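**Q** Structure incoming, see below.
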Amino acid sequence: MAKINLIATYPKSGTTWTRILLDSLRQGGAEVGINGVSLTIHLSYRYWIDEQLMMETVDLPKEWQRGLQGRALRALHEDGTERTMFGTTHAAHPEAVDAELLFPPTTVERVLYMVRNPLSVAPSYADFMGLPLDRAIDQLADPRNTLGVGSDIHHGPNFPAFLGSWSQHVRSWRESGLEVMIVRYEDLLDDGHHTLTSIARFLGLPDDGAVVETALGSHRFDRLRQQEAQDGFVGSHYREKRFFRSGSSTAWRSELSAPQVARIVEVHGEEMARYGYLP
């Protein structure tokens, strides 16, 4: 049976950088192109779900699509092949029966959850989604926030992913009952060697010191931005926008006004305090 490790994140919390680093580790520190990550599958991609279920889902009524991601994970888990797979998701971990529909516990081996300061997430999310900053802050606070790509959320190239608020999202994975390692994005920035080594050991990837250093050095943000400038990035939501920004943990200080900071802290202060994010 296939073992499935998940990388779960709220959008704009380091998913792509983490995927690139892990793929590099798997290949002994080799340089990985931003459009060539092969380690992970995105669990909301419709083409992947269609492939696992051997059916086309795009024309199914939305109520029939409920639970198809979980069925696809079970099909992968039970395909008879002994292997470890890596999947990424932006969805919050749902409760009760929904957990079985989206992330059947028997299919998930481990979860790496990357958390990032919402003060940094908000400007990056606004830039990526093409939203005014205040609207992005509203969405981070919205308990009904759902991520979907395409003109029709139920018939686009991705299945919709329920996010909830930033605070809900973090709590949902911490309290999921699965084996979860929570890593601060900022720690991967500031203490990359130690943090990436710990992640590698948790996920069963190569953790040799030289390999870790090579992976980090080859995939600095300036190099990723240079790749994007030359080749573009297929994950960019708006083609005219850059995907890889500064990667900084402090840029929010010049991007957010004092009232905007106060709004974010008012809504998310409890979870921010837990992870050392209060300004």
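**Q** In region 43-70, which residues are at pLDDT 85 or above and loosely packed, with under 14 Cβ neighbours inside 10 Å?
**A** Residues satisfying the conditions are MET54, MET55, GLU56.
**Q** Further, regarding this structure: Inside region 225-261, can you point out the residues that are exposed (fewer than 12 other Cβ atoms within 10 Å of the Cβ) and at pLDDT 95 or above?
**A** Within region 225-261, SER257, ALA258, PRO259 qualify.
**Q** Residues of region 157-172 being farther than 9 Å from PRO143 by Cα, crowded, with 22+ Cβ neighbours inside 10 Å and at pLDDT below 95, which ones?
**A** Selection gives PHE159 alone.
**Q** If GLY80 satisfies every condition in (1) modelled with pLDDT of 80 or more; (2) out of contact with any helix residue (DSSP H, G or I) (no Cβ under 9 Å at 6 or more places or on another chain); (3) assigned to a loop (DSSP other than H, G, I, E, B) but one, which is the exception?
**A** Answer for GLY80: the failing condition is (1).
Table: residues versus (1) of a type outside the set (Phe, Trp, Tyr); (2) closer than 18 Å to GLU270 by Cα; (3) part of a helix (DSSP H, G or I); (4) modelled with pLDDT of 85 or more.
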position	(1), (2), (3), (4)
THR106	yes, no, yes, no
GLU109	yes, no, no, yes
LEU112	yes, no, no, yes
VAL121	yes, yes, yes, yes
SER124	yes, no, yes, yes
PHE128	no, no, yes, no
ARG135	yes, no, yes, yes
SER151	yes, no, no, no
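**Q** Additional query: Identify, please: which residue in region 197-214 is part of a helix (DSSP H, G or I) and touching a strand residue (DSSP E or B) at 6+ places or on another chain (Cβ under 9 Å) and is, among those, nearest to LYS3 (Cα to Cα)? Please lay out each step first, then the result.
**A** Going residue by residue through region 197-214, those that are part of a helix (DSSP H, G or I) are 197-203, 209-214.
Of the ones still in play, those that are also touching a strand residue (DSSP E or B) at 6+ places or on another chain (Cβ under 9 Å) are 198-199, 202-203.
Working: SER198: 20, ILE199: 17, PHE202: 14, LEU203: 11 Å.
So, considering only residues that are part of a helix (DSSP H, G or I) and touching a strand residue (DSSP E or B) at 6+ places or on another chain (Cβ under 9 Å), the one nearest to LYS3 (Cα to Cα) is LEU203.
**Q** I've got another one for you. Select from region 17-42 the residues that are within 17 Å of the chain's Cα centre (by Cα) and modelled with pLDDT of 85 or more and list them in ascending order.
**A** Of everything in region 17-42, those that are within 17 Å of the chain's Cα centre (by Cα) and modelled with pLDDT of 85 or more turn out to be TRP17, THR18, ARG19, ILE20, LEU21, LEU22, ASP23.
**Q** Test GLY269 against the stated conditions and say whether it is exposed (fewer than 13 other Cβ atoms within 10 Å of the Cβ), modelled with pLDDT of 95 or more and either in a helix (DSSP H, G or I) or more than 19 Å from the chain's Cα centre (by Cα) (or both). Working first, answer last.
**A** Details: exposed (fewer than 13 other Cβ atoms within 10 Å of the Cβ): no; modelled with pLDDT of 95 or more: yes; either in a helix (DSSP H, G or I) or more than 19 Å from the chain's Cα centre (by Cα) (or both): yes.
Against the criterion (exposed (fewer than 13 other Cβ atoms within 10 Å of the Cβ), modelled with pLDDT of 95 or more and either in a helix (DSSP H, G or I) or more than 19 Å from the chain's Cα centre (by Cα) (or both)), GLY269 does not qualify.
**Q** Between PRO123, PRO143, PRO132, PRO105, which is surrounded by fewer than 19 Cβ atoms within 10 Å (Cβ to Cβ) and closer than 27 Å to ILE199 by Cβ? Can you show your working first?
**A** Working: PRO123 fails: surrounded by fewer than 19 Cβ atoms within 10 Å (Cβ to Cβ); PRO143 fails: closer than 27 Å to ILE199 by Cβ; PRO132 fails: closer than 27 Å to ILE199 by Cβ.
Step by step, each of PRO123, PRO143, PRO132, PRO105 is checked, and only PRO105 is surrounded by fewer than 19 Cβ atoms within 10 Å (Cβ to Cβ) and closer than 27 Å to ILE199 by Cβ.
The values are calculated or read from the model by the stated rules, or taken from the named source; none is laboratory data. Worth saying up front: this structure is predicted, and the values here are computed from it rather than measured. Don't worry about glycine lacking a Cβ; one is built from the backbone with ideal geometry, like all the others, and counts go over all protein chains shown.
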